[in-house]
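Encoded as structure tokens, the structure appears first; notes follow it.
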Amino acid sequence: TERPTPHVVRVVFVGPDLHNLIVDEPASSVRLLLPSPGTSDLVIPTWNGNEFLLANQERPTIRTFTPIRTSGTTSELVLDIVVHASGAASDWATIASVGDSAAISGPGRGYVPDRDASSFLLVGDESAVPAVSQLFAALPVERPVSAGIEVSSPDAVRELPERPGSHVDWRVLPEGAPPGSAQFDYVRSATLESGARIWAAGEARAMQRIRRHLFDDRGVDRSHTMVRGYWKLGG
């Protein structure tokens, strides 16, 4: 069967409570609470000190995204949601309409650049483009930056902030290949100097594969990397 082509849905959130959402670090995250499967009702869970739980002790449906500001005011927040064939966030993003209620928590930790780094290697897929864009603007201008970004088609290539000493390699995922395959090939072919710092994000299982390659095959110092699973195939 033909693989559905992912596409990006931009969702804008507005509300006075967003004034309290301060995002200081690039590639930070926020968590979006979604209605439980089979219902359109948004039920706010309770934090028990370790995790959010509903009244029936079930875990709520929560997904994590990179927060984007698109105006000078702090009462507006934007999330770019990559819609795949199925999944809680994809399903919600395709039916969400103006006036729907939403709950957001955060921000979660972002990326603090290591000033001792000789260079930076960024690896992502379409879900990581907002974070990569922020890193392009935030990383030290005197350090070279290389990025390998996996996309579903040439039409999915998006503009990144301009910066000197940078190189972006857009790689189209081959038909029938599992998510992250193009990212893995990019990392495997990359030249990694000892002072390089690596940031990677994408499908969870693909990120596990990249971690194993970096740590076991390439001997990269774990403290020199940040590898994050942004989404899970079928989840």
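The values are calculated or read from the model by the stated rules, or taken from the named source; none is laboratory data. Since the model is a prediction, treat every value here as computed from it, not as a measurement. Using ideal geometry, Cβ is built from the backbone for each residue, glycine included, and neighbour counts are taken over all protein chains shown. Just the protein is used for accessible areas: all its heavy atoms, side chains included, with ligands, DNA and RNA removed. Shrake-Rupley method; radii C 1.70, N 1.55, O 1.52, S 1.80 Å.
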In the set 42, 18, which member is surrounded by 14 or more Cβ atoms within 10 Å (Cβ to Cβ), under 30 Å from residue 135 (Cα atoms) and not aromatic (Phe, Trp, Tyr)? 18
Could we say that residue 136 is in a helix (DSSP H, G or I), touching a Pro at 6+ places or on another chain (Cβ under 8 Å), open to solvent by less than 60 Å² (accessible area, probe 1.4 Å) and within 18 Å of residue 25 (Cα to Cα) here? yes
If you go through 219, 180, the only one that is buried (at least 20 other Cβ atoms within 10 Å of the Cβ), at pLDDT 95 or above and of a type outside the set (Val, Ile, Thr) is 180
Boolean, residue 145 is open to solvent by less than 10 Å² (accessible area, probe 1.4 Å) and under 16 Å from the mean Cα position of the chain (by Cα): no
With the requirement that a residue be surrounded by fewer than 14 Cβ atoms within 10 Å (Cβ to Cβ) and farther than 28 Å from residue 157 by Cα, what does the range 21-39 give you? 22, 37, 38, 39
Condition set at pLDDT below 90 and under 13 Å from the mean Cα position of the chain (by Cα), scope the range 55-82, selection nearest to residue 31 (Cα to Cα): answer is 68
All-but-one check, residue 230 against (1) in contact with a Lys or Arg (Cβ under 7 Å, 6 or more places away or on another chain); (2) surrounded by 21 or more Cβ atoms within 10 Å (Cβ to Cβ); (3) not charged (D, E, K, R), failing number (1)
Across the range 195-209, what is the total count of residues that are in contact (Cβ under 8 Å) with a residue 60 or more places away in the chain and either open to solvent by 20 Å² or more (accessible area, probe 1.4 Å) or more than 22 Å from residue 87 (Cβ to Cβ) (or both)? 5
If you take just the strands (runs of 3 or more DSSP E) that sit entirely in the range 67-132, which of them hold at least 3 residues that are more than 16 Å from residue 32 (Cα to Cα)? 119-124
Looking only at the range 154-169, which residues are under 20 Å from the mean Cα position of the chain (by Cα) and either of a type in the set (Lys, Arg) or open to solvent by less than 70 Å² (accessible area, probe 1.4 Å) (or both)? 156, 157, 158, 160, 161, 168, 169
Of all the residues that make up the range 95-133, how many are of a type in the set (Val, Ile, Thr), out of contact with any Leu (no Cβ under 9 Å at 6 or more places or on another chain) and within 25 Å of residue 205 (Cα to Cα)? 2
If we scan the range 176-192, do we find a residue that is over 14 Å from residue 128 (Cα atoms), among the hydroxyl-bearing types (Ser, Thr, Tyr) and without any contact (Cβ under 8 Å) to a residue 12 or more places away in the chain? yes
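Suppose the filter is open to solvent by 50 Å² or more (accessible area, probe 1.4 Å) and either on the phi < 0 side of the Ramachandran plot or modelled with pLDDT of 95 or more (or both); does residue 113 pass it? Before the answer, list the steps.
Numbers: open to solvent by 50 Å² or more (accessible area, probe 1.4 Å): no; either on the phi < 0 side of the Ramachandran plot or modelled with pLDDT of 95 or more (or both): yes.
Judged against the criteria, residue 113 is not a match.
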